[in-house]
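The values are calculated or read from the model by the stated rules, or taken from the named source; none is laboratory data. Just so it is clear, the structure is predicted and the values come from calculations on it, not from any experiment. Ideal geometry is used to build each Cβ from the backbone, glycine not excepted, and the neighbour counts take in all protein chains shown. All accessible areas refer to the heavy atoms of the entire protein, side chains included, with ligands and DNA or RNA removed. Shrake-Rupley method; radii C 1.70, N 1.55, O 1.52, S 1.80 Å.
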Amino acid sequence: MHNQSIFRPLRHMVFLGLLLAMASALSFLEGLIPPLPAMPPGVKLGLSNIVTMYTLFFMGPLPALTVTVLKSGFVLLTRGLTAAALSVTGGLFSLLVMLLLLAVGKRRISYFIVSVFGAVFHNLGQLAAASLFTGTTLIFAYVPVLIVSGVVMGVVTGTVLKIVLPALERLQLALFKSNPNRKGDEFVRIKK
């Protein structure tokens, strides 16, 4: 029993590392995708946000913050300072609004609502950072486009999360199955 309590933090760290690797890989792959036809400039799918949402829903706010910040560190190494600043600002805006929704909704809120609001606020956070970099507020004329694209991409990422959720749950169960009393390791359930 004592050995199980020793390995619990290690298992959490390993699983968090796997999630960070997934988020970084998705972020990198998304950067390789050319702009989609008929999509506004700068609009991306936000696939790495799927991992951030999963981390928030099933591991909690601090691990989700860790993934958000460390993923931005990966962006810094691969795409530079401006991209990293946009990534961390958008990620923090998104994470904050998702935390507020989960707190207000008492975790009885759908993935789609959380995903859509997260995507919209991710875009708004990036726009705020871009405004600071450019020194102009004219950039906020792009807000309607980013809200619409955030809703669309939020639905996409929420749908993908729902599809990959069983595989992620199996991965987490495999990591924690050796401790049948998994106190503190239980999944946080929210409405699908």
Close pairs (9 angstrom Cβ cut-off, 6 or more residues apart or separate chains): farther than 10 Å from PRO63 by Cα in the range 10-21, outside any helix (DSSP H, G or I) anywhere: ARG11/SER178; ARG11/ASN179; ARG11/ASP185
Need pairs with beta-carbon distance below 8 Å; first residue of a type in the set (Gly, Ala, Ser) and within the range 151-163, second open to solvent by 60 Å² or more (accessible area, probe 1.4 Å); sequence gap 6+ or separate chains. GLY154/PHE112; GLY154/PHE117; GLY158/PHE112
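Scan the range 89-98 and tell me whether some residue there is among the aliphatic types (A, V, I, L, M), under 21 Å from ILE139 (Cα atoms) and at pLDDT 80 or above.
The answer is yes; a qualifying residue exists.
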Does LEU168 satisfy the criteria of being within 29 Å of PRO35 (Cα to Cα) and either among the acidic types (Asp, Glu) or modelled with pLDDT under 80 (or both)? yes
Among the residues of the range 149-157, are any open to solvent by less than 70 Å² (accessible area, probe 1.4 Å), modelled with pLDDT of 85 or more and within 19 Å of LEU19 (Cα to Cα)? yes
For residues in the range 1-55 being part of a loop (DSSP other than H, G, I, E, B) and among the hydrophobic types (A, V, I, L, M, F, W, C), which is modelled with the highest pLDDT? LEU47
Anything in the range 29-39 that is out of contact with any Lys or Arg (no Cβ under 9 Å at 6 or more places or on another chain), surrounded by 12 or more Cβ atoms within 10 Å (Cβ to Cβ) and within 20 Å of LEU77 (Cα to Cα)? List them, or say none. LEU29
Take PRO61 and tell me if it is modelled with pLDDT of 75 or more, open to solvent by 60 Å² or more (accessible area, probe 1.4 Å) and on the phi < 0 side of the Ramachandran plot. yes
Which of the residues that make up the range 77-112 are open to solvent by 40 Å² or more (accessible area, probe 1.4 Å), part of a loop (DSSP other than H, G, I, E, B) and in contact (Cβ under 8 Å) with a residue 24 or more places away in the chain? ARG107, ARG108
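If you scan the range 171-192, which residues turn out to be of a type in the set (D, E, K, R) and either open to solvent by 40 Å² or more (accessible area, probe 1.4 Å) or modelled with pLDDT of 80 or more (or both)?
Applying the first criterion (of a type in the set (D, E, K, R)) to the range 171-192 yields 177, 182-183, 185-186, 189, 191-192.
LYS177, ARG182, LYS183, GLU186, ARG189, LYS191, LYS192, listed by residue number.
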